[in-house]
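A.B. asks: One structure, pasted below without further comment.
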Amino acid sequence: MDRHVIANRGAEPGATTSVFPSDAAVRDFLRVEDREAGFREPDAPVRRCRARWDGR
């Protein structure tokens, strides 16, 4: 599911923001916007969670 769809669905019950971990898609977006200096690699807990989610 695309991030914009997830963020939109979060707004339906009243969420005011959605947060997604940094990944290649975020880095690519920041590069296109000439803001790649703002990119930060996720920390260890996020990497472990992502690995579990991806089934690694």
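The values are calculated or read from the model by the stated rules, or taken from the named source; none is laboratory data. Predicted model, so just to flag it, every value in this text is computed and none were measured. For accessibility, only protein heavy atoms count, side chains too; no ligands or nucleic acids. Shrake-Rupley method; radii C 1.70, N 1.55, O 1.52, S 1.80 Å.
A.B. asks: For a bin width of 5 Å, list the pair-distance distribution of the chain built from all Cα-Cα distances, rounded to whole %.
C.D. replies: For the chain, the binned pair fractions read 4, 16, 18, 20, 23, 15, 3 percent.
A.B. asks: Karplus couplings for the stretch 25-35 from phi (6.51 cos²θ - 1.76 cosθ + 1.60, θ = phi - 60°), rounded to Hz, Gly and Pro as x?
C.D. replies: After applying 6.51 cos²θ - 1.76 cosθ + 1.60, I find 5, 5, 4, 4, 4, 5, 5, 4, 7, 6, 10 Hz.
A.B. asks: Now, a different point. Please list 39, 29 from largest to smallest accessible area, probe radius 1.4 Å, with all protein chains kept in place.
C.D. replies: So the residues, ranked largest to smallest area, are 29, 39.
A.B. asks: With every protein chain in place, what's the accessible area of residue 2 (1.4 Å probe, Å², nearest 10)?
C.D. replies: Approximately 90 Å² for this residue.
A.B. asks: Let me ask another. With the full set of protein chains in place, find how many percent of the accessible area of the stretch 14-56 is carbon and sulfur; take the probe as 1.4 Å.
C.D. replies: The computed percentage sits at 53.
A.B. asks: Taking only protein heavy atoms into account and a 1.4 Å probe, give the accessible area per residue of the chain in Å².
C.D. replies: Solvent-accessible surface per residue comes out at 88 Å².
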